[in-house]
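For reference, the structure is listed below as structure tokens.
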Amino acid sequence: MALYRDEGVVLRTAKLGEADRIITILTRNHGKIRAVAKGVRRTKSRFGARLEPFMRADLLIAEGRTLDTVSQAESIAAYGASIAVDFNAYEAANVIVETIDKLANTEHECVPAQYRLLIGALNALAKHAHAPRAISGSYVMRAMSLAGWTPRLGACVVCGRPGGAYLSIASGGVMCEADHTTDARRVPPRAAQELQALIQGDWTVLDEAPLQRITEELVEDWAEYYLERPIRSLRLIDS
Ligand SMILES: [Zn+2]
């Protein structure tokens, strides 16, 4: 059986049989994979907590005919412990892993920039570097941008003149007063500034104040529209 070594972040886990789990992992060099971790639900599992969500581990994986199997796992960073003690950080981490899980739906498609972005976001959450919702909001917009869905914020998407106080998600950017379509939503200047800052990772703007509600709604709507399905964890934050 062929073995390969890679590092990865655990996105989610699902029970399998009596003692096993199927682990969904974003790896650095093999894209998103699913692999069986045998005996991981036993009290004395040799994997310990290394295959829990948000954990970053060095993995040795055996290729299988239908599913791969995790053979070894060494912890690189235990983001999970620091994230789990702060409920807001935990919620934000769930938004982050759910977003990349939905975005990276082609198995073995490798996008190193997405991996680096994921590591950066979880590391920032674990260090409590910024407000958790700003970290997850910025992560979502940047991950969507890397996938090719960047909102065009500088100029009206219809006439091309600079500015535009409305955002049409379906049209992919801002629209001016004269051109805006019925689906476009009016975006106040501060929300537009926050949206731009989320995409650029401009923390001087984002650290000034908590994100406005409309900004959070625009992030959620943008992701839902282009992923063609909701980010359930973002819905939980809203409620
Ligand atoms: Zn226009």
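The values are calculated or read from the model by the stated rules, or taken from the named source; none is laboratory data. A quick note: this is a predicted structure, and the numbers were derived from the prediction, not measured. FYI the Cβ positions are ideal-geometry reconstructions off the backbone, even for glycines, and counts take in every protein chain you see. Each accessible area value is taken on the protein alone, full model and side chains, heavy atoms only, with ligands, DNA and RNA left out. Shrake-Rupley method; radii C 1.70, N 1.55, O 1.52, S 1.80 Å.
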Legend entry - Förster radius 45 Å - calculated FRET efficiency between Arg186 and Leu16, Cβ distance, rounded to 0.05: 0.40
Legend entry - Accessible surface of the range 3-81, 1.4 Å probe, proportion on carbon and sulfur as whole %: 45 percent
Inset, instruction - Report, to the nearest whole %, how much of the accessible area of the range 82-234 belongs to carbon and sulfur atoms, 1.4 Å probe, protein only. - result: 52 percent
Inset, instruction - Using a cut-off of 12 Å between beta-carbons, work out the net charge of the residues near Ile22 (Lys and Arg +1, Asp and Glu -1, Ile22 not included). - result: +4
Inset, instruction - Using per-residue counts of other Cβ atoms within 10 Å, averaged over each peptide, order 15-22, 135-142 from highest down. - result: 135-142, 15-22
Inset, instruction - Considering only Glu91, Glu194, Glu63, give the residue with the highest GNM mean-square fluctuation for the chain, with springs between Cα atoms whenever their separation is below 10 Å. - result: Glu63
Inset, instruction - Compute the acute angle (0 to 90°) between the alpha-carbon long axis of helix 132-146 and the principal axis of greatest extent of the alpha-carbon atoms of the chain; round to the nearest 10°. - result: 90 degrees
Legend entry - Extension gain (nm, one decimal) between Asn123 and Arg65, 0.36 nm per residue minus Cα-Cα: 17.4 nm
Inset, instruction - Using 0.36 nm per residue of separation minus the Cα-Cα distance, give me the extension gain between Asn105 and Arg235 in nm, one decimal. - result: 44.7 nm
Legend entry - Potential lengthening between Val85 and Trp203 on full extension [0.36 nm per residue; Cα-Cα distance subtracted]: 40.1 nm
Inset, instruction - Go ahead and run the numbers for FRET between Tyr4 and Cys159, Cβ-Cβ distance against an R0 of 45 Å, rounding to 0.05. - result: 0.30
Inset, instruction - Mind giving me the nanometre distance, one decimal, between the label points for Asp221 and Arg41, set 7 Å out from Cα along Cα→Cβ? - result: 4.1 nm
Inset, instruction - Among the lysines, select those whose C-alpha is under 29 Å from the C-alpha of Lys127, and discard any that sit fewer than 8 residues away in the same chain. - result: Lys32, Lys102
Inset, instruction - Give me the net charge of Leu206's neighbourhood, meaning all other residues with Cβ under 13 Å from the Cβ of Leu206; Lys, Arg count +1, Asp, Glu -1. - result: -2
Inset, instruction - Leaving out ligands and nucleic acids, note down the accessible area per residue over the range 184-239 with a 1.4 angstrom probe, in whole Å². - result: 55 Å²
Inset, instruction - Using only the Cα atoms of the chain, build the gyration tensor, take square roots of its eigenvalues as a ≥ b ≥ c, and label the shape rounded, prolate or oblate: rounded if a/c is under 1.5, else prolate if a/b is larger than b/c, else oblate. - result: prolate
Inset, instruction - Taking the chain as the reference, fit the longest principal axis to its C-alpha atoms, fit the long axis of helix 87-103 to the helix C-alpha atoms, and give the angle between the two in degrees, 0 to 90, nearest 10. - result: 90 degrees
Inset, instruction - Could you tell me how many degrees, from 0 to 90 and to the nearest 10, lie between the Cα long axis of helix 213-227 and the main elongation axis, the longest principal axis, of the Cα atoms of the chain? - result: 60 degrees
Legend entry - Sparsely packed trypsin sites (Lys or Arg not before Pro) within the range 32-89, loop by DSSP, other Cβ within 10 Å at most 12: Arg42, Lys44, Arg46, Arg65
